[in-house]
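Structure first, then comments.
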Amino acid sequence: MYTSYADLISFDPETGIAKFDYFDMLRGDKAVAYLVASEGYTQAAAEDLVENFADSEYVKKNTNPQLRAIDIDDVPLKLMYKPNGEYVEDSVSISTTAKNFRAIYAIDTSLLLETYFYYITVDSDGKVTLVEQIYWP
């Protein structure tokens, strides 16, 4: 495990196991190089695309199909939704519990699986120290 952005791919409420697919968020020269080397863009097309990105745009690099399993009962959580499924104020994720994670999942799975990606924080020993849903405009 290492710190990374990730998409939540699946969640099992019975076991508490959430499976995440890590990805790299590329901007600037790294985005251009990736688009040319891996996505078939010409240098000019990649540069044009990246130079015209809005502040919130990026290239998503996901070359590893491995999913990372995290037990949400064992880690601190921050989400963009309240336990009743309402969106939080000010677009700032709030601390929550595994019980609330399950409640939101039961209300509408798409709130956790499809709306925002996550940032998984891992310490130097490889232990997950935070799973946070990230607001990204």
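Worth a mention:
- Meets criteria (closer than 20 Å to Lys99 by Cβ, hydroxyl-bearing (Ser, Thr, Tyr) and out of contact with any Leu (no Cβ under 6 Å at 6 or more places or on another chain)) for Thr42: no
- Verdict on Thr97 being surrounded by fewer than 16 Cβ atoms within 10 Å (Cβ to Cβ) and modelled with pLDDT under 95: no
- The single condition from (1) in contact (Cβ under 8 Å) with a residue 60 or more places away in the chain; (2) among the charged types (D, E, K, R); (3) closer than 19 Å to Ile9 by Cβ that Lys127 fails is (3).
- Exclusive hit being modelled with pLDDT under 95 and of a type in the set (Asp, Glu), set Glu114, Glu89: Glu89
- Number of positions in the stretch 26-67 that are assigned to a loop (DSSP other than H, G, I, E, B), under 23 Å from Ala6 (Cβ atoms) and open to solvent by 70 Å² or more (accessible area, probe 1.4 Å): 6
- Cβ separations smaller than 8 Å between residues 6+ apart or across chains give the following pairs from the stretch 86-113 residues that are in contact (Cβ under 8 Å) with a residue 60 or more places away in the chain and farther than 20 Å from Asp21 by Cβ to residues that are open to solvent by 40 Å² or more (accessible area, probe 1.4 Å) and assigned to a helix (DSSP H, G or I): Ala98/Asp73.
- When Thr42, Thr3 are checked against the criterion of being more than 18 Å from the chain's Cα centre (by Cα) and polar (S, T, N, Q), a single residue qualifies: Thr42.
- Out of Ser110, Ser91, Ser124, Ser95, one residue alone is touching a Phe, Trp or Tyr at 6+ places or on another chain (Cβ under 6 Å) and hydroxyl-bearing (Ser, Thr, Tyr). It is Ser91.
The values are calculated or read from the model by the stated rules, or taken from the named source; none is laboratory data. Treat the numbers as computed from the prediction; the structure is a model and nothing was measured. Note: ideal-geometry Cβ built from the backbone for every residue, glycine included; neighbour counts use all protein chains shown. Surface accessibility is based on the protein's heavy atoms, side chains included, excluding ligands, DNA and RNA. Shrake-Rupley method; radii C 1.70, N 1.55, O 1.52, S 1.80 Å.
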